[in-house]
1. Within the range 127-143, can one find any residue that is of a type in the set (Ser, Thr, Tyr), open to solvent by 10 Å² or more (accessible area, probe 1.4 Å) and in a loop (DSSP other than H, G, I, E, B)?
2. Restricting attention to the range 170-201, and to residues there that are among the hydroxyl-bearing types (Ser, Thr, Tyr) and exposed (fewer than 15 other Cβ atoms within 10 Å of the Cβ), which single residue is nearest to Val54 (Cα to Cα)?
3. Is it the case that the range 228-236 has a residue that's free of Cβ contacts under 8 Å to residues at least 24 places away in the same chain and aliphatic (A, V, I, L, M)?
4. Has the range 168-185 got any residue that is touching an Asp or Glu at 6+ places or on another chain (Cβ under 8 Å), part of a loop (DSSP other than H, G, I, E, B) and touching a residue at least 40 places away in the same chain (Cβ under 8 Å)?
5. Considering every residue within the range 193-213, establish whether at least one is on the phi < 0 side of the Ramachandran plot, touching a residue at least 60 places away in the same chain (Cβ under 8 Å) and among the aliphatic types (A, V, I, L, M).
6. Hey, can you tell me all the residues within the range 202-258 that are surrounded by fewer than 21 Cβ atoms within 10 Å (Cβ to Cβ) and among the aromatic types (Phe, Trp, Tyr)?
7. Is it the case, given these coordinates, that Lys282 is part of a helix (DSSP H, G or I), closer than 30 Å to Arg145 by Cβ, open to solvent by 20 Å² or more (accessible area, probe 1.4 Å) and of a type outside the set (S, T, N, Q)?
8. Would you check which residues across the range 153-164 are aliphatic (A, V, I, L, M) and either buried (at least 21 other Cβ atoms within 10 Å of the Cβ) or in a loop (DSSP other than H, G, I, E, B) (or both) and list them?
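The values are calculated or read from the model by the stated rules, or taken from the named source; none is laboratory data. Note that this is a predicted model, so its numbers are computed, not measured. In this analysis, Cβ positions are derived from the backbone assuming ideal geometry, glycine residues included, and neighbour counts consider all displayed protein chains. Side chains are part of the model used for accessible areas, which takes the heavy atoms of the whole protein and leaves out ligands, DNA and RNA. Shrake-Rupley method; radii C 1.70, N 1.55, O 1.52, S 1.80 Å.
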Amino acid sequence: MGKMGMKVSFLLVLFTFQAVSADLRAGFYKSTCPDAESIIFQAVQKRFNADKSVTAALLRMHFHDCFVRGCDASILIDSTSQNQAEKDSGPNQTVREYELIDEIKKTLEAKCPSKVSCADIITVATRDAVVLSGGPNYTVPTGRRDGLVSRAGDVNLPGPQVDVSQAFQIFRAKGLTLEEMVILLGAHTVGVAHCSFFSERLQNDPSMDANLAARLRNVCANPNTDPTVLLDQGTGFVVDNEFYKQLLLKRGIMHIDQQLAIDRSTSGFVSRFARDGNGFKKSFGNAMVKMGSIGVLVGNDGEVRKNCRVFNPKNKPTVPSRPPKVKASPPSKKTKTKKQKKPKSRGTKKK
C-alpha cells in the first residue's frame, strides 16, 4: 500500500473511532441504573482488598477483549460443543477474574435487569482497579453493548517475543499511535509473567541485567512448574512510572518490554515517562479511554446480556399457525347417496 493509501486508511480508522466514541457518554446509566458504577466499584474494592493482583488481571482482560472484535465482552463467552470461544484460545489461557465479572453482573441484574452491558462492566471495573492501585481516576464513557460472536480463531494478539515494529502493526490497526502503544504497555507496571514467556532471555541475553537474570534462573529452575514473576521489579502492585525506570536499567522481563527502551522509535517515550510520573498517569488514562472505544457496539447493535458467559436466547415470536385449508372434494359420480330409512313406529303389539 502506498503512502496515500495508508493515509486514507488511517483517516478512515480515525473517523470511525470519533463517530463511535461520540455515541459513548459519561453517566450513560444515570437514569436507567444510577447505582451501576458504585455497585461495580464496591465489588472491585472488595476483591482488591483480598488480592491486589486483580488490577493486572482486569487490565489484561480489558486489553484482550478490546483487541479482538472490539470492546464487546466477547472474551467472557463460554465455549460450547458447537463453538470454541475466545477465552479458550492460547493467548487467553492466563486471563482470569471471570468470577468477579459474574458477581458484578448478578448484582446489577437484581438491581437493574437487562440495563448494564458486560462490556461496560469490564471497562468500568478496570478503571476502578487502576484507581485503587494508585493510578489515574479517568472518566469512562459508557453505553457499550455486548457482542454476538466469540470465536477462538479470531484471537490475534501480540506475543511477548515480538519486536516493536511487529507489535505496532497490531496497535496501529486499532487506530492507536506508537506513543499510545508505549503508554498502554506501561500497564505491565502491575503485571506478572510466567517463566515460559521469557525463559530464553535468561541465557546470556545482553539486554537483561546480569544480576536479574541470575536471580530469575533460580526462580524458573524447576522444569515441572511455571512460576510467575512481577514485570515491574520495583513497585509491582502500583500503577506508576517505575516500569519505565526499570527498562532503562535493563530490568525488563519480557522481550517486547525491554525492546521499548532499545528501539530508536520508542526509546524517547520510555525516557520521558521514566522522568515524568504525573505525565505518564495522565497519558495512561487518556490511552485507556481511547482503547476502551475500539470497535464498540452502540445503539441497537449487539445486546445487553443477562449472563455475561452466554448469549441471550433468541426470542422467537409465538404466532399461532392457522390450520391448513382443506378443499372439499365433490362427491364421486359412482357413489349414490343412500336415502335415510324412516324409523319404524314403535306401536304396541297385539296379543
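1. yes
2. Ser196
3. no
4. Within the range 168-185, not a single residue is touching an Asp or Glu at 6+ places or on another chain (Cβ under 8 Å), part of a loop (DSSP other than H, G, I, E, B) and touching a residue at least 40 places away in the same chain (Cβ under 8 Å).
5. Yes, the conditions are met somewhere in the range 193-213.
6. Phe237
7. yes
8. Val155, Leu157, Val162
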